[in-house]
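Inspection log for the structure reproduced underneath, given as structure tokens.
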Amino acid sequence: MARYIFITGGVVSSLGKGLASAALGALLQARGYTVRLRKLDPYLNVDPGTMSPFEHGEVFVTDDGAETDLDLGHYERFTGVAARNSDSVSSGRVYSTVLEKERRGDYLGKTIQVVPHVTDEIKEFLKIGEDEVDFMLCEIGGTVGDIEGLPFFEAIRQFSHDKSRDQCIFMHLTLLPYLAASGELKTKPTQHSVKELQSIGIAPDILVCRSEHPIPDKERAKIGLFCNVRKEAVVAAYDLGSIYEAPLAYHEQGLDQAVLDAFGIAPAPKPNLDVWHDVQDRIHNPEGEVTVAIVGKYVQLEDAYKSIKEALTHGGMANRVKVRVEWVDAELFDREDAAPHLERFNAILVPGGFGERGTEGKIKAAQFAREKGVPYLGICLGMQMAVIEAARNVAGIEAAGSEEFDHEAGVRRFEPVVYHLKEWVQGNHTVARRADDDKGGTMRLGAYDANLEDGSRVAKVYGTTAIEERHRHRYEVDTKYRAQLEEHGLSFSGMSPDGKLPEIVEWADHPWFIGVQFHPELKSKPFAPHPLFKDFVRAAVDNSRLV
Ligand code: GLN
């Protein structure tokens, strides 16, 4: 039976709860425990799949096809444990389940209320898989005191009451603001935030205090005294140069020890932190630097491409170089020449995206990379754009485009080299999509197998011809054009097992040009960089030596 760690936040948002949870997960693993991390989000969207990347950042997709919060990406990157659909829940999903049950008559005519029906549903969710791991870390989104978070706080309070005393602990993240005028760290907001928690029946066992300045011992003691937490359980969280320093930094501040103490686990198993020392060494001691352009649409909010940025960092760590990422707005050269915008980069990455805006610029980026021999990695929409570029400029299909853009505009302008897929095979069953389906959940989502052509670049990069990668898209490259494109040198080197869906294309005579229909970035980890990103960065390094 798992022990539960509930992670909440107070004072302000964006304190790095997700990172603290992920780092703690990694530290518990380093002590030999198994973990699973979960996110409970108070917003009313059923899942983040339909939320704008500008609003909410990237949608993280799991193997089992759930569209989840980007914090699940952190969890997976730090622990290597593949996230599941059941690791992410929002108020929207909880309410929609409760209302479905009510309509079905499951509640036998009872009046449906937040307590107990909504809270019970949350508690059921928390229990999923509780026999599988030693520790379940559950992060509550938002800050204590938010109106919409209340059912979650009530549910975790009840949950800890239902379980035995030594099975649940509460960890609360706060901020210690620094007043420059008096040169002091202020503890009052933390005290208030803990009071707020206590007023709903939750007494934190551990306080993690974000601070820009060292927390003096006497302040730590004061926080402990006023918040009813042992002094050793007041853990400092200082700003870090890289998120991957977090496990070691938290270990130094005693977080994992405080957690084991709170559960009364003694003697504590010794941690093995070799992996994280190696990660830290690679981050701090790069032997060179490359600059990669990400040519996208959501460039104003870096979180929209969170996993890609991290995967590039991992690729850099594998090659012992620092990867500088620059965001280039594709719309800048929708109409003009791309060269002045792209010339100074060692490699170009065109990420996933939806809708037509900026796509002409992305097509130009693919053309620039192909013609100039610059390493190119096209992900999802980035692969589709590379295929359209090849069709238009190499194979002579001048009107080549994607059905997605015609659908959006309501007119037929393009020859659909990329078309809307209505039916496909997943494992051993067929999935069908109807025109009137809801927006949510109508994509090819989650893990799918692909077969790679023997001798292709991708087969070399992966070191195998059978792979499994995560998908999130509605449109596919049409195999109708395969022969024509291959004749001109664009090879379809990765296909779905039934041979119907192109998964990877590559220019065989180019130094490094690969487009993938899936999202490799979602599976990359600092201690296990994804092979595509590792080799893409290597190609960028080679390219940087040429200029
Ligand atoms: N918009 C494209 C599609 O739906 C690409 C999606 C993506 O890049 N994730 O197929």
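The values are calculated or read from the model by the stated rules, or taken from the named source; none is laboratory data. All values derive from a computational prediction rather than experimental measurement. Cβ atoms come from the backbone with ideal geometry, glycine included; neighbour counts cover every protein chain shown. All accessible areas refer to the heavy atoms of the entire protein, side chains included, with ligands and DNA or RNA removed. Shrake-Rupley method; radii C 1.70, N 1.55, O 1.52, S 1.80 Å.
Listing for the model above:
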item	result
Hits in the stretch 344-353 - residues which are more than 14 Å from residue 297 (Cβ to Cβ) and either surrounded by fewer than 23 Cβ atoms within 10 Å (Cβ to Cβ) or within 12 Å of the ligand (Cβ to nearest atom) (or both)	344
Selected residue [part of a loop (DSSP other than H, G, I, E, B) and under 20 Å from the mean Cα position of the chain (by Cα)] from 533, 518	518
From 38, 77, residue being under 20 Å from residue 522 (Cα atoms), touching a residue at least 24 places away in the same chain (Cβ under 8 Å), of a type in the set (D, E, K, R) and not in a helix (DSSP H, G or I)	38
Check on residue 314, open to solvent by 10 Å² or more (accessible area, probe 1.4 Å) and not hydroxyl-bearing (Ser, Thr, Tyr)	no
Strands (runs of 3 or more DSSP E) contained in the stretch 393-494 and holding at least 1 residues over 16 Å from residue 380 (Cβ atoms) and among the polar types (S, T, N, Q)	423-426, 429-432, 444-452
Residue list for the stretch 203-259, filter: of a type in the set (Asp, Glu) and open to solvent by less than 20 Å² (accessible area, probe 1.4 Å)	256
Residue 410 vs. criteria open to solvent by 50 Å² or more (accessible area, probe 1.4 Å) and at positive phi	yes
Identity of the residue in the stretch 362-406, of a type in the set (Gly, Ala, Ser) and either more than 15 Å from the ligand (Cβ to nearest atom) or surrounded by fewer than 22 Cβ atoms within 10 Å (Cβ to Cβ) (or both), that ends up nearest to the chain's Cα centre (by Cα)	369
Residues being open to solvent by 30 Å² or more (accessible area, probe 1.4 Å) and within 25 Å of residue 33 (Cα to Cα) - total across the stretch 65-110	5
The one condition in (1) part of a helix (DSSP H, G or I); (2) in contact with a helix residue (DSSP H, G or I) (Cβ under 8 Å, 6 or more places away or on another chain); (3) farther than 21 Å from residue 290 by Cα; (4) within 16 Å of the ligand (Cβ to nearest atom) that residue 356 fails to fulfil	(1)
Residue satisfying all of: in the stretch 472-490; in contact (Cβ under 8 Å) with a residue 40 or more places away in the chain and open to solvent by 70 Å² or more (accessible area, probe 1.4 Å); nearest to the ligand (Cβ to nearest atom) among these	484
Only one of 62, 34, 50 that is among the polar types (S, T, N, Q) and open to solvent by less than 10 Å² (accessible area, probe 1.4 Å)	62
Whichever residue in the stretch 130-142 is at pLDDT 95 or above and in contact with a helix residue (DSSP H, G or I) (Cβ under 8 Å, 6 or more places away or on another chain) and, among such residues, is farthest from residue 8 (Cα to Cα)	134
Matching residues in the stretch 502-514 - criterion: being surrounded by 21 or more Cβ atoms within 10 Å (Cβ to Cβ) and in a loop (DSSP other than H, G, I, E, B)	512
Qualifying residue in the stretch 283-295 (condition: of a type outside the set (Asp, Glu), more than 30 Å from residue 2 (Cβ to Cβ), surrounded by 21 or more Cβ atoms within 10 Å (Cβ to Cβ) and within 16 Å of the ligand (Cβ to nearest atom))	yes
